[in-house]
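Data first, discussion second: the structure below is written as C-alpha cells.
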Amino acid sequence: MVVDSRKEVRDFLTSRRARITPEQAGLSDNGRRRRVAGLRRTEVALLAKISLDYYTRLERGAIAGVSASVLDAIARALQLDDAERAHLFHLAHAADGTSAGMRPRRRPAKRWSPRPNLQRVLDTFTAPAIIRNGRMDLLATNDLGRAMYSAFYDRMPGSQPNFARYTFLDDDSRDFYPNWDEAADTCVAILHTEAGRDPHDDDLQDLVGELDARSEAFRRRWSAHNVRYHGAGVKLFHHRDVGDLELAYESVDMISEPGLTLTLYVAEPGSTTEQALALLDSWASPIRGLRTTAGQL
C-alpha cells in the first residue's frame with residue numbers, strides 16, 4: 001500500500017464534505033431529497049466563494065499551488081477544526097513541494113537513540129516519560145515509563161516497539177487499553193497526520209501497508225481520514241502487575257529533535273493510581289541503581 005497524495009486529498013475533502021448538513025452550514029435545503037450525504041460540491045464552492053470547476057479540481061487532488069486564502073476558505077466552508085485545517089495545509093504543501101514530504105525518498109533511518117543529556121533529562125522526571133515519533137515508534141523512556149510500557153518490550157523483543165503494531169496486531173492491547181476503540185482511533189489519527197506532513201516517508205509507507213494488509217480494524221479507521229491533535233487529556237491503562245492506571249498526560253513537540261514528541265504522565269495526588277505508580281517505581285529503582293553503578297565503573 002502506498003500513501004497516494006492526490007487520493008489523500010480527494011478522500012479527505014470528500015469525507016469532510018459528507019459529514020456537514022446544509023442546516024449546519026446555514027444553507028436552505030428546500031425539502032428536496034439529496035443523492036449525496038452532506039454538502040454538495042456546489043454548496044462548498046458557494047460557501048468558499050470559489051467556482052465550482054475550481055473546487056471540483058481541488059477535490060480531485062489537484063491541490064498544488066493553491067493559495068493560503070483559498071485553503072482557509074475551504075477550511076471554513078467545511079468547518080474544519082485546527083488539526084484538520086493543518087492537515088489540509090500539509091497536504092497542499094506536500095503537493096507543491098514546499099514541505100518535508102517532497103524531499104527525495106529516504107533510506108530507512110537507523111534506530112534512533114536519545115543523546116546522553118536527553119536521557120538524563122528523562123531520568124529526572126518522577127512521572128512516566130516517553131518519546132515517540134510520528135510513526136508511533138516508542139523511542140525512549142525513563143525507568144518508570146519503561147515499567148509502565150513493559151508489555152511493549154516483552155511482546156516485541158529485539159524490535160522497535162511501535163504503538164500501532166501493538167494496538168492492531170497484538171490481542172494483548174485490548175487488555176492494556178480498556179478503552180481500546182478510543183486508543184485505536186487516536187493511533188490512526190496520529191498516523192494520518194504524519195502521512196499528511198511527509199507522505200514519502202518509506203518507514204511510514206511500510207507500516208501503513210503492513211497494518212492495512214493484516215488488520216481490518218485498521219483499514220476501516222484509515223479510510224475514515226480522521227486527524228487530531230493529541231496534546232493533553234486523560235488515559236486509562238490496565239497494567240498486568242499493578243492494575244488500572246488513570247493518568248493525565250501532556251505531550252509537547254521537541255524543538256531539539258524535530259518530528260519527535262515528549263509525553264509526560266501524572267496521577268491524581270492521593271489516588272490509587274499514584275499508589276500503583278509508586279509500586280512500579282519501587283520495582284524500577286533497583287534497575288536504575290544497577291545502571292547508575294555500572295556507569296560509574
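The values are calculated or read from the model by the stated rules, or taken from the named source; none is laboratory data. Since the structure is predicted, the reported quantities are computational estimates derived from the model, not experimental observations. Here the Cβ is made from the backbone with ideal geometry for all residues, glycine too, and neighbour counts use every protein chain on show.
Here's the yes/no breakdown for (1) touching a strand residue (DSSP E or B) at 6+ places or on another chain (Cβ under 9 Å); (2) of a type in the set (D, E, K, R); (3) at pLDDT 95 or above; (4) surrounded by fewer than 19 Cβ atoms within 10 Å (Cβ to Cβ):
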site	(1), (2), (3), (4)
M156	yes, no, no, yes
D172	no, yes, yes, yes
E182	yes, yes, yes, yes
D201	no, yes, no, no
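So is P161 under 13 Å from N133 (Cβ atoms) and touching a strand residue (DSSP E or B) at 6+ places or on another chain (Cβ under 7 Å) or not?
Values: under 13 Å from N133 (Cβ atoms): yes; touching a strand residue (DSSP E or B) at 6+ places or on another chain (Cβ under 7 Å): yes.
For P161, the condition - under 13 Å from N133 (Cβ atoms) and touching a strand residue (DSSP E or B) at 6+ places or on another chain (Cβ under 7 Å) - is met.
Name the single residue that is nearest to E84 (Cα to Cα) among those in the stretch 208-234 being in contact (Cβ under 8 Å) with a residue 40 or more places away in the chain and of a type in the set (D, E, K, R). Before you say what the answer is, go through the steps one by one.
The first filter runs over the stretch 208-234 and keeps only residues in contact (Cβ under 8 Å) with a residue 40 or more places away in the chain, leaving 208-215, 217-218, 223-230.
Right, trim to of a type in the set (D, E, K, R) and you get 210, 212, 214, 228.
Working: E210: 25, D212: 22, R214: 27, R228: 7 Å.
That would be R228.
Under 8 Å between Cβ atoms, which residue pairs at least 6 apart in sequence (or on different chains) link something in the stretch 160-179 that is more than 20 Å from A140 (Cβ to Cβ) with a partner that is β-branched (V, I, T) and modelled with pLDDT of 95 or more?
Taking only residues 6 or more apart or on different chains, the pairs are S173/T167; Y177/T167.
Return the residues of the stretch 227-239 that are out of contact with any Phe, Trp or Tyr (no Cβ under 7 Å at 6 or more places or on another chain) and at pLDDT 95 or above; say none if nothing qualifies. I'd like the intermediate steps shown before the answer.
Initially, the stretch 227-239 is screened for residues out of contact with any Phe, Trp or Tyr (no Cβ under 7 Å at 6 or more places or on another chain), giving 227-231, 234, 236, 239.
Residues satisfying the conditions are V234, L236, H239.
Scanning for something at pLDDT below 95, in a loop (DSSP other than H, G, I, E, B), surrounded by fewer than 17 Cβ atoms within 10 Å (Cβ to Cβ) and within 13 Å of the chain's Cα centre (by Cα), does the stretch 209-226 turn up at least one residue?
no
Residue check, R57 against (1) part of a helix (DSSP H, G or I); (2) buried (at least 17 other Cβ atoms within 10 Å of the Cβ), all met but one. Which one?
For R57, the exception is condition (2).
Is the stretch 168-191 home to any residue that is assigned to a loop (DSSP other than H, G, I, E, B), closer than 17 Å to F12 by Cα and not hydrophobic (A, V, I, L, M, F, W, C)? Reasoning before the result, please.
As a first pass, look at the stretch 168-191 and keep what is assigned to a loop (DSSP other than H, G, I, E, B): 170-172, 177-179.
Still in the running and closer than 17 Å to F12 by Cα: none.
Looking for residues that are assigned to a loop (DSSP other than H, G, I, E, B), closer than 17 Å to F12 by Cα and not hydrophobic (A, V, I, L, M, F, W, C), one finds none in the stretch 168-191, hence no.
Please specify each residue of the stretch 129-154 satisfying the condition of being part of a loop (DSSP other than H, G, I, E, B) and either surrounded by 21 or more Cβ atoms within 10 Å (Cβ to Cβ) or touching a helix residue (DSSP H, G or I) at 6+ places or on another chain (Cβ under 7 Å) (or both). Reasoning before the result, please.
So in the stretch 129-154, the residues part of a loop (DSSP other than H, G, I, E, B) come out as 134-136, 142, 149.
Hits for the stretch 129-154 are G134, R135, M136, N142.
Out of everything in the stretch 84-119 that is loosely packed, with under 12 Cβ neighbours inside 10 Å and at pLDDT 90 or above, what residue ends up being nearest to D206 (Cα to Cα)?
Result: R115.
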